[in-house]
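S.K.: Below: one structure in structure tokens.
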Amino acid sequence: MLLTTPERFIVPSKRKRVPAPPKPKPDVSWMLRAACRNMGPDLFHNDDRKARGAKAFCSGCEVKEECLNYALTQHIHEGVWGGMTGTERQSYRRRIARRKALNVVQMGD
Ligand code: SF4
């Protein structure tokens with residue numbers, strides 16, 4: 001006597017899915033060394049045209065690269081991070097994607 005439905009006959013959407021492993025939390029220890037760590041968000045969350053002051057401030061920050069990388073990987077689209085405005089990060093991300101695509105095409109030739 002068959003008590004359970006064999007796996008083969010279960011509709012795929014009804015099968016138990018193995019949950020994806022949790023994503024590791026990003027390392028944010030660099031924030032403790034940020035030049036802006038004791039500042040409010042106002043300077044960094046102006047629109048792009050008023051971002052000059054924030055970008056100048058970022059230019060002397062020792063964790064600029066980590067900050068930019070964090071904003072890119074966390075898909076933060078607003079404010080100045082790592083010396084770039086949201087618009088600049090978007091075009092930077094597109095340039096990187098285009099370059100990667102070109103490399104793939106060249107490697108495939
Ligand atoms: S790069 Fe700019 S926004 Fe990023 S931590 Fe440094 S001062 Fe702050």
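The values are calculated or read from the model by the stated rules, or taken from the named source; none is laboratory data. Values in this document were obtained by computation on a predicted structure and should not be read as measured data. Note that each Cβ is placed from the backbone with ideal geometry, even for glycine, and that neighbours are counted across all protein chains shown.
Let's see how each residue does on (1) buried (at least 17 other Cβ atoms within 10 Å of the Cβ); (2) modelled with pLDDT of 95 or more; (3) not hydroxyl-bearing (Ser, Thr, Tyr):
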| position | (1), (2), (3) |
| --- | --- |
| Met31 | no, yes, yes |
| Asp48 | no, no, yes |
| Ala54 | yes, yes, yes |
| Ser59 | no, yes, no |
| Leu68 | yes, yes, yes |
| His77 | no, no, yes |
| Tyr92 | no, yes, no |
| Asn103 | no, no, yes |
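S.K.: Among the residues of the range 58-73, is any touching a helix residue (DSSP H, G or I) at 6+ places or on another chain (Cβ under 7 Å) and either away from the ligand (no atom under 14 Å from the Cβ) or on the phi > 0 side of the Ramachandran plot (or both)?
M.R.: Within the range 58-73 (the criterion being touching a helix residue (DSSP H, G or I) at 6+ places or on another chain (Cβ under 7 Å) and either away from the ligand (no atom under 14 Å from the Cβ) or on the phi > 0 side of the Ramachandran plot (or both)), the answer is no, since none of the residues qualifies.
S.K.: If a residue must be among the basic types (Lys, Arg) and within 10 Å of the ligand (Cβ to nearest atom), how many such residues does the range 14-33 contain?
M.R.: 1
S.K.: Still on this model: Going through the range 33-46 one residue at a time, which ones are modelled with pLDDT of 85 or more, part of a loop (DSSP other than H, G, I, E, B) and under 21 Å from Leu72 (Cβ atoms)?
M.R.: Matches in the range 33-46: Ala34, Ala35, Cys36, Arg37, Pro41.
S.K.: Could we say that Cys36 is in contact with a Leu (Cβ under 8 Å, 6 or more places away or on another chain), in contact (Cβ under 8 Å) with a residue 12 or more places away in the chain and near the ligand (Cβ under 10 Å from one of its atoms) here?
M.R.: So Cys36 passes the test.
S.K.: Another one. Test each condition in (1) free of Cβ contacts under 8 Å to residues at least 40 places away in the same chain; (2) in a helix (DSSP H, G or I); (3) touching a helix residue (DSSP H, G or I) at 6+ places or on another chain (Cβ under 7 Å) for Lys100 and report the one that comes out false.
M.R.: (3)
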